[in-house]
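Notes follow the structure.
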Amino acid sequence: MNYIQEDKSRRVLSNIFVGALIFCFAALNNKFPLLFEESGVYIKDGFLRPRVFNNTFLYSFFVAHTSWGRSLWLVIYTQSLVLTIVVNYYFRVFLKCKSNHSVFYFCYIFLVSFLMSASVVVSTISPMLFNGISILAFGLLLSVRKMSIKDRLIISTIAVISTAMSISSLLILVIISLLYFIINIIFRKKTLKKNGASIINIGIVTLFCLAIVFLIQVVPKNRLSNDLIPIKSTMLSEKKHEAPAGAKNIITDILGYLNAGVPQPLSPIWDLSISTYNIPIVNGQALNAIEDWFSGDIRECYLSKQREGIEKFTILRISQWLLLLSSIVLYVYFTMDRKMRYRNLLFYFLAAFLLNLAIGSVFNGAQKNNLWSFVWVLPLPLFLIFFSGKTKLKFI
Amino acid sequence: MKATIQKIFRSTISSELFGVIASAAILLIIAAYNQSPLIFNADSAMYIEAAYRKVVEPDRPVLYGLFIKYFSFRISLWLVIISQSLIVSFVLYCYFGFFALSKSSRAIEKNLFMVIFTALISLCMGASFQVGWLMADIFTPVSILLIGIVLFAERLSQGRLVFVSILVVFSIAMHNSNFYICLGLILLLAFTAIFKPVRKLYESIGFTFRKFFLALVLIIMSNLTLSTIHYFHGGEFKSSRGGVIFLMGNVVEMGIIDTYLNEQCGRKNYDLCKYKDSIPNNFLWDSKSPMRKMGGWKGSEKEYTVIIKDILTTPKYLKTFVFSSVILTLKQLATFETGEAAKPWRRVNLAVRNYHYNDYRMFMHSKQSEQKLNFTVINFLQNLVFASCLLIYLVTICSGKIDVRYQVFAIYILAAILINAWICGTFSGVFPRYQSRVVWLMPLPIFLCIMEYWWKKALVKNYQSIK
């Protein structure tokens, strides 16, 4: 039913560039991109031949190339651009009847940047942003039926690359694809003809993602021994010396992850709160990598608020929690209404959120989790519902 | 009796004076909460010392120090910040006054809008902090607003225009950056007037060549006035102080100096080469900085001028400089936290004790001295107001649905904020106080626009009821 609105390309481009700049607010305010200690490993692996070829290698590759070997500012602006391209598609597709969809697009960007963690996530040298992007891009592929080849190509490329950046998003998308297939084809008995476009979209993306995962899993030896994969250290030691090979091992790994996550089923709830950004340690991985590969940025890095210990997100955490809880209440309310516009989209985002919670727990166990980096996606379908103009809001 | 009281009350709140005084009182809220005027370490002390010792410091104009000296009447520093708040309030009143639809617009409504606006910028933004701070920073937004009055005012009386002009001259002279910001703003507006559609737009809202010229003359006059003041206070006939050193500090922060010295020290015999491996990040203020070992602000100026000139004329370094300048401008635009009120250093304590003993006891027991000030909530609210204003600007300017005058005024304010970020970010460094001093101007065009629409609606309603 939906198709991408033909818009004046200049306006769309300016919306994307301005939107991307707004998303970088947290980094600009911090005076330097935000860093975790592991950010240093991503930077280093991007320039050196990695010791271990794993799922985060793709992000390292992204860092090395988008920085142009010049500045980390270019990395965060590029990842911000990727995000705004996808978000912009949503507003152009779903609010196609509205001439002023740019207004709602900017409203959303400002809301999630200043009251939620979107800007913080975008501004961090970490692949965690791509979890949200992959969910968004995949959602587009699922819901948009009429799409030009150019648009399909752009969205599919973004979906494939961002999904391949983390195994957890791949798992989520595989599960959602299966659910979609089962519900539509088997239970609702919809023909392939009716759902052809969506199935082709999903098929392309899934195949690409599987190809990348195959590449990741088959090529290296001791692929899990890298300190980047945030799984339990106990698991690391168990898996370290096992011989790798093929799809059989993928299943074994996943079962291993599942086993590790069971003891802490509720821990991800608390991980919905924005993570603490510690001061980068002198001679730590992050600062060393910047000194080695971005020596022009090192002074800026030392003068950043994070380095000075000033950067805190205390009130942002509270506002994110408030918005998250409000979003969940609205999700429940809207999904109960069978005639609700974009109900399927709501189900999709809800499923993605719940699967993120579950898989986050499974993958990370009691370790540091990045679930908070995804929750800012949730208000998006609500925006589309509110501003599409055909919502029956009985309680207002 | 009751009618008389009502009449007096009505005439009081509808008078111009009420608006100005009420806003000034609101603007003093943070200082009142602190129980003393706020200070900025070392800088506030340097202003006070310079004025009383009659010394022109190499890194700042002496005028703000003189302002403290004379407007405190040697009685209390409170009188200084009260004067600041009255100046800001008067400037704001000029806006709420001359942007009004007609002369018949009621003063009571103007006052109401102005008081609400002042409350917003005082409680949710940094205006009140800036006004209560013994720093020349408050004169940057004042200069921008005053230049705006010169350009936008239509019904300003001769007397008021003269007063505004005097204020322009002195407020620009208060801080090094004000001259460049105002000049940049005028030149930018003049440059855009080259294009015919823009020129027509300017003509439609009353931007005449005469107004541009007047603004330019006032800016140049402020520079000459400051140079004269410096001359009579034992300095040279020079207004701007320490520009090259500030720029050098920023070139260090950009990382250009490391590359430059590594490549050039073999060929050129700079004194700075001796320290090339020990240049601190805080080049200007670090006690171990090579600048201090090379003769301080004055002694090192000559060599740094040569280095800066070489950097800016070599394409390789210039490219990095331009890239860094863009990044620094964006960083400065997004860095506007208010509340830089750390525990006063001994130097400030001594300056207050030596020159304003009456205030000393109160100053030592202020919330700032006891480290009880917390600006987390105000800063968060300021972020939200900033974001909302930016959103409204984006939407309204792009849609073109509002009155041209307000659109141009909004662009004027945005341009001022951008130029401020560029000048401070590129030539001095990214510090929150540079942007926090101007960011509270953002809601002003929105408030003025709302006020006009509110009046229009009220007029239509009145007309219909009469009919």
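General remarks:
- Being under 30 Å from A:Asn356 (Cα atoms), hydroxyl-bearing (Ser, Thr, Tyr) and at pLDDT 85 or above is a condition met by at least one residue of the stretch A:274-293.
- Taking the conditions (1) surrounded by 20 or more Cβ atoms within 10 Å (Cβ to Cβ); (2) in a helix (DSSP H, G or I) in turn, B:Ser366 satisfies each one other than (2).
- Pairing each residue of the stretch B:327-338 that is charged (D, E, K, R) with any residue that is outside any helix (DSSP H, G or I), provided the two are 6+ apart or on different chains, yields C-beta distances under 6 Å for B:Lys331/A:Lys31; B:Lys331/B:Val430.
- Only one of the listed residues (A:Ser60, A:Ser102) is within 11 Å of chain B (Cβ to nearest Cβ), polar (S, T, N, Q) and in a helix (DSSP H, G or I). That residue is A:Ser102.
- Per-region count, the stretch A:13-49, residues out of contact with any Phe, Trp or Tyr (no Cβ under 8 Å at 6 or more places or on another chain) and more than 11 Å from chain B (Cβ to nearest Cβ): 11
- The one condition in (1) touching an Asp or Glu at 6+ places or on another chain (Cβ under 7 Å); (2) at pLDDT below 85; (3) surrounded by 22 or more Cβ atoms within 10 Å (Cβ to Cβ) that A:Thr56 fails to fulfil: (1)
- Candidates B:Tyr260, B:Tyr231, filtered to the one that is free of Cβ contacts under 8 Å to residues at least 60 places away in the same chain and either in a loop (DSSP other than H, G, I, E, B) or within 30 Å of B:Asn41 (Cβ to Cβ) (or both): B:Tyr231
- For the stretch A:1-30, taking the residues that are assigned to a loop (DSSP other than H, G, I, E, B) and modelled with pLDDT under 90, the one that is farthest from A:Val121 (Cα to Cα) is identified as A:Met1.
- The residues of the stretch B:395-424 include none that are at the interface with another protein chain (Cβ under 10 Å from one of its Cβ atoms) and either modelled with pLDDT of 95 or more or surrounded by 20 or more Cβ atoms within 10 Å (Cβ to Cβ) (or both).
- Counted residues, the stretch B:115-160 - those being among the hydrophobic types (A, V, I, L, M, F, W, C), in a helix (DSSP H, G or I) and under 26 Å from B:Leu189 (Cβ atoms): 15
- Taking the criterion of being farther than 21 Å from A:Phe386 by Cα and in contact (Cβ under 8 Å) with a residue 12 or more places away in the chain, the residues of the stretch A:313-351 that qualify are A:Phe313, A:Leu316, A:Arg317.
- Listing of helices (runs of 4 or more DSSP H) fully contained in the stretch B:376-467 that carry 3 or more residues being more than 18 Å from B:Thr118 (Cβ to Cβ) and of a type in the set (S, T, N, Q): B:376-399, B:404-427, B:443-466
- For the stretch A:274-305, taking the residues that are facing chain B (nearest Cβ under 10 Å) and not in a helix (DSSP H, G or I), the one that is nearest to A:Gly46 (Cα to Cα) is identified as A:Phe294.
Each row is one residue, and each column tells you yes or no for (1) within 30 Å of B:Gly299 (Cα to Cα); (2) surrounded by fewer than 17 Cβ atoms within 10 Å (Cβ to Cβ); (3) at pLDDT 85 or above.
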position: B:Ile8; (1), (2), (3): no, yes, no
position: B:Ile13; (1), (2), (3): no, yes, no
position: B:Leu66; (1), (2), (3): yes, no, yes
position: B:Tyr70; (1), (2), (3): no, yes, yes
position: B:Ile75; (1), (2), (3): no, yes, yes
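- Contact annotation: residue pairs with Cβ atoms under 9 Å, 6 or more positions apart or on different chains, pairing a residue in the stretch B:290-301 that is within 13 Å of B:Tyr270 (Cα to Cα) with a partner that is among the hydroxyl-bearing types (Ser, Thr, Tyr) and surrounded by fewer than 18 Cβ atoms within 10 Å (Cβ to Cβ), are B:Pro290/B:Tyr275; B:Pro290/B:Ser278; B:Met294/B:Tyr275.
- Test: B:Asp286 is touching a Pro at 6+ places or on another chain (Cβ under 7 Å) and either assigned to a loop (DSSP other than H, G, I, E, B) or away from every other protein chain (no Cβ under 14 Å) (or both): yes
The values are calculated or read from the model by the stated rules, or taken from the named source; none is laboratory data. The structure displayed is predicted, hence computed values, not measured ones. Positions of Cβ are generated from backbone atoms using ideal geometry, with glycine treated the same way; all protein chains shown enter the neighbour counts.
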